[in-house]
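I have placed the structure first, in the form of structure tokens, so that the comments after it can refer back to it.
The values are calculated or read from the model by the stated rules, or taken from the named source; none is laboratory data. Everything numeric here is computed off the predicted structure, so don't read it as measured data. Because the Cβ atoms are built from the backbone with ideal geometry, glycine has one as well, and the counts that use them run over all protein chains shown. Accessible surface areas use protein heavy atoms only, side chains included; no ligands, DNA or RNA. Shrake-Rupley method; radii C 1.70, N 1.55, O 1.52, S 1.80 Å.
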Amino acid sequence: MFLSWLLGAGGAAHAACAVGVPGVTGRVDIGQTGRPLLLHRPAGLDPAAAAPLVILLHGSGGTGAKMLQASRLEATADRAGFILVAPDAGIPVGAGFAWNIPGVPTVTGKIPDASDADDVAYLARIVDSLAEDGCIDRARVYVTGLSGGGRMASWLGCVEPARYAAIAPVVGLRAGNPTVGNPQEPDPATCTPSLPMPVIAFAGDNDKVNPTQGGGAGYWQYTMHAAEQRWAALNGCQTAPITRWVAAGVYEERYSGCRGEAEVVGRITVGGAHVWLADNDALWAFVSRYRRD
């Protein structure tokens, strides 16, 4: 269930992780952004201790509330002991929202311009505010998301590697925009992180929206394998990828021997469609290995 926590002037919640009912997801306004989000703090967390943070990004046209329901990450947060936030993107689309990835059209076909909300800055403000309040461990901040939210998580890996310790896109892994002259390849100039970025990505080989074999909308085009290879190159991975079955109908491609041990892993569900396919426990086991010092 959701519970609105309306505290302080204008309904803003201060020291958001220390208010409300532990174990109940509540809507809070963090960092005076004017954009409330849903926050889940497990009941067992010490409110005086800084906890890991997972940011969950919805797909294009979706909302944080619907994404929480689809992902079931609240239960994972309770078991693992991390704070979970589910914000809404800044560009209204129908009954939901879309993320502002510079130079990339939204599902409406419009390329965001200066009049649209800066979602990179908004998400950064969430992290900074929670860290300043002592709620989260700034070194252990992770991002996951579905579809357009996966593209946004990928973009954050490209442009904000010092802020996020690992990314976990679901049916949405990218490694920069498609090359203009050859959209079957990622454009190296559009993703130049200054630090290695650990990546675990989830997808289905029957995804018609973001096909693992390439195609789809203009901003997808190149294959998931091409995105994995690009991240492996960015991370300086030296070992040839290993493919193995990890569960019934699920196999992974893993690149290791990387700078900072920043591995790149793609998990493919045979017959999987364009839905939340992540094994949440595997997602957490991967990202929680990493921290930014």
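If one takes the longest principal axis of the Cα atoms in the chain, at what angle in degrees, from 0 to 90 and to the nearest 10, does the Cα axis of helix 224-234 lie? Roughly 80 degrees, rounded to the nearest 10. One compactness figure for segment 188-293 is 1.07, namely its Cα radius of gyration divided by 2.2 N^0.38 Å. Each residue of segment 280-290 is assigned a 3J(HN,Hα), and the resulting list reads 4, 5, 5, 4, 5, 4, 6, 5, 5, 6, 10 Hz, derived from the Karplus form 6.51 cos²θ - 1.76 cosθ + 1.60 (θ = phi - 60°), x at Gly and Pro. Is the shape of segment 147-234 best called rounded, prolate or oblate, per the rule: a/c under 1.5 gives rounded, else a/b larger than b/c gives prolate, else oblate, with a ≥ b ≥ c the square roots of the Cα gyration tensor eigenvalues? The shape class here is oblate. Note on segment 117-274: Cα Rg divided by 2.2 N^0.38 Å, N the number of residues, gives 1.02. For the chain, the longest principal axis of the C-alpha atoms and the axis of helix 148-159 are separated by about 90°. Sorting 153-159, 191-197, 225-231, 181-187 by their mean Cβ neighbour count within 10 Å, with the most densely packed peptide first, gives 153-159, 225-231, 191-197, 181-187.
Averaged over its residues, segment 26-147 has an accessible area of 37 Å² per residue, based on protein heavy atoms and a 1.4 Å probe.
From most to least packed by mean Cβ count within 10 Å, the peptides 112-124, 72-84 give 72-84, 112-124. A simple rule links phi to the HN-Hα coupling: the Karplus curve 6.51 cos²θ - 1.76 cosθ + 1.60 with θ = phi - 60°, which for segment 184-192 gives 7, 10, x, 7, x, 5, 9, 8, 10 Hz, with x for Gly and Pro.
When the alpha carbon gyration tensor of segment 186-240 is reduced to an equivalent ellipsoid, the three semi-axes, largest first, read 22, 14, 9 Å. Per residue, the accessible area of segment 189-271 comes to 43 Å² when a 1.4 Å probe rolls over the protein heavy atoms.
Taking max minus min of the alpha-carbon positions on each principal axis, segment 25-118 gives extents of 44, 28, 20 Å, largest first. Seen from residue 84, the other residues with C-beta closer than 10 Å to its C-beta sum to a net charge of -1, counting Lys and Arg as +1 and Asp and Glu as -1. For the chain, the alpha carbon convex hull comes to 123 Å³ per residue, rounded to a whole number. Between the helical axis of 119-132 and the longest alpha-carbon principal axis of the chain there is an angle of about 50 degrees. Working value for segment 34-75: equivalent-ellipsoid semi-axes of 22, 12, 8 Å, each the square root of 5 times a Cα gyration tensor eigenvalue, largest first.
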